[in-house]
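Have a look at the structure below before the remarks.
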Amino acid sequence: MWRMPEELLHMSLVSSYCVLLILPVRFLLSGCGRKYACGLWFAVFVNLVIPFHIQGSFSLIPGQMEYLYSAGQAAGISGVSEGRENVFLDTGETKDILLPDRAEAFSSEPRQADQSPLTEPGPSGQPVRTGESRKADLTALWQRLLDILQIIWLPGLLLILLYNLLYVMKMRKKLSRDQWKSWDEKERIAELDGLPGPFLWGICHPVIFLPAGLEESERICIVAHERCHRRRKDSVKKLAFFLAVSIHWFNPLVWLAWALFCRDMEICCDEEVFAISGGVSRRQYAQSLLKYAAAQNGYQVSSLTFGEPSARMRIRHILSFRKKHMLLQGTAGLAMAAMVLGLVIRPVAAKTVAMPEYVVNTEEADMPEMEALPLENAGFSSGTEAAVFSEAPESEILEPVWNPEHRMGYQRVELTHVIREDFTWFTPDLRPEGELEMLARTALQELYDLTGYQVENCVYECNDMGTFFFARTPEDLEHSRIFYARSFGEEEGYDELVIPSMDYVNARRVWFSDVQQLDIPENAETMSDGELAVWFLERSAVYRGEKVDHTESVPEPWSQRVYTTEGTYYEMTLEGSFIGVSSIYGPYPEEFSH
């Protein structure tokens, strides 16, 4: 319970990309007014603190960033190599069981020993490390760094918060009311002896603290700057940004963003003072900056200090400041808004693909190049990846009942099987690993057929009752963040009492799923729930081609029951807030009772 949340690293990586993209844009916008450069950091803050995604067609974040974290984890636990698929055995230690190609897995011939070792004999006969070995070393190093980060993240966060809490308590003691020399109730300005410099203190009702004995011209400059901070609610912004940075303390780019954010905030207030006030002398303002910058000791946590670091740059900026033309400011504002919007919105992961017609083939199925034979009396549909390369008596071959044509464009998924020793419903040796892999790949292709969404990489686990669970990472599986579950029944060799089903969660409902219902009927807005249920059913993998008799609603919200002329029925759950389907179960036998 004290480990770093899995999504935190992904959020930090995306934020790092935002920082690197903002740096050149910030440099360009600084000449138009520092408030536009300051506004860019809002995108970094959002990505640091919000775990869920807002998806859209306009995004400056590349689609690869969405899979960088899960891909990095997959590399850390498996190390996929050419022509091999992996099984991850989660026993507390990292154990990679490499399986051969499918053709080898079901061959009756004895398999030769692995001919691609991690070392090769050198000229002198000594083993020389190969590129694959070096890659494995880098993978192991990356995984070790992640393990160390998991351990030190919380202590580091607590240390930062404790240090700053002690600082706040110390400052509260120094700023007690009995030490105030003067107090302006209306302007909320207090003067104290011995302050190293003026600053704004407080969150809800901030007070401007000034060193006692300031000259009037100097006081005008300082109070104008601190009032600007107070009007802009900068103390709240700075505290919120600091807490976000503290959570991601392990990322150096986040600390860079924090330093530049503080600098931009100060210069923004400098510009605003001269833009709205004509009674402030630039020369006196620069002298005050130089005087109090030397007394400051780094960036303050809870206060906004008049003389923060980089005083030389601020003085140069003040002396050269000129109010910009409205057209230039409007252009800079639009550029800033577009940049922030593009970095907050995440890219849509897949494109809509047209749905081909499904056909019922009750005669002879078109067999693939390699004959599809049963697995333990399992009848697989032709055209799927669930083909078996072994011999079986012809009498045991089951004719497939329903052979839908698969949607064009499906791409092979990078897939890893996670086996947890504490998962008591799975027996590793009950079915060959190759069979499980092919069923998992079949399930993902069926998801693609139903939704139009292409899963690029994921992990899965399964149980002995024929249910496969899919997630992005092993940690997601462990915490039940499952984006898709598929149950196979009697036709695939499981118990005849198992009801086949397809369940997935849409990206519009949960943050950990990228799956989207990209295919809906053209006239969906005018269709009834029963008509939508039939439309989705006829395009699902569990449908067996029966003729639909009628539909009826069931008490569960957005649920429909589709009856067939054969007496069987299917149960479906439609999405409530948008057009889509989340689960399809069936066919249930006639008069079946839950």
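Every number here is computed from the coordinates shown, using simple stated rules; none is lab data. Small disclaimer: the values here were computed from a predicted structure and weren't measured. Methodologically, a virtual Cβ is constructed for each residue, glycine included, from the backbone with ideal geometry; neighbour enumeration extends over all protein chains shown.
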Would you kindly derive the ³J(HN,Hα) couplings of the range 470-477 from the backbone phi angles with the Karplus curve 6.51 cos²θ - 1.76 cosθ + 1.60 (θ = phi - 60°), listing them in order in whole Hz, with x for Gly and Pro?
-> 10, 8, 6, 9, x, 5, 5, 4
Among 569, 563, rank each residue by its count of other Cβ atoms within 10 Å, from fewest to most, as a rough exposure measure.
-> 563, 569
Across 5 Å bins from 0, what is the distribution of all Cα-Cα pair distances for the range 3-54, in whole percents?
-> 4, 20, 26, 19, 14, 9, 5, 2, 0
Counting every Cα pair in the range 438-508, what percent are over 14 Å apart?
-> 58 percent
Modelled FRET efficiency - R0 41 Å, residue 276 with residue 508, Cβ distances, 0.05 increments | 0.40
Could you rank the peptides 146-152, 247-253 by their average count of other C-beta atoms within 10 Å per residue, with the highest value first?
-> 247-253, 146-152
Overall form of the range 520-594 per C-alpha gyration tensor (a/c, 1.5; a/b vs b/c) = prolate
Full-extension gain in nm, residue 20 to residue 152, via 0.36 nm per residue minus C-alpha separation | 45.0 nm
Note on the range 453-594: alpha-carbon gyration tensor, axes a ≥ b ≥ c; rule is a/c under 1.5 for rounded, else prolate if a/b larger than b/c, else oblate; result oblate
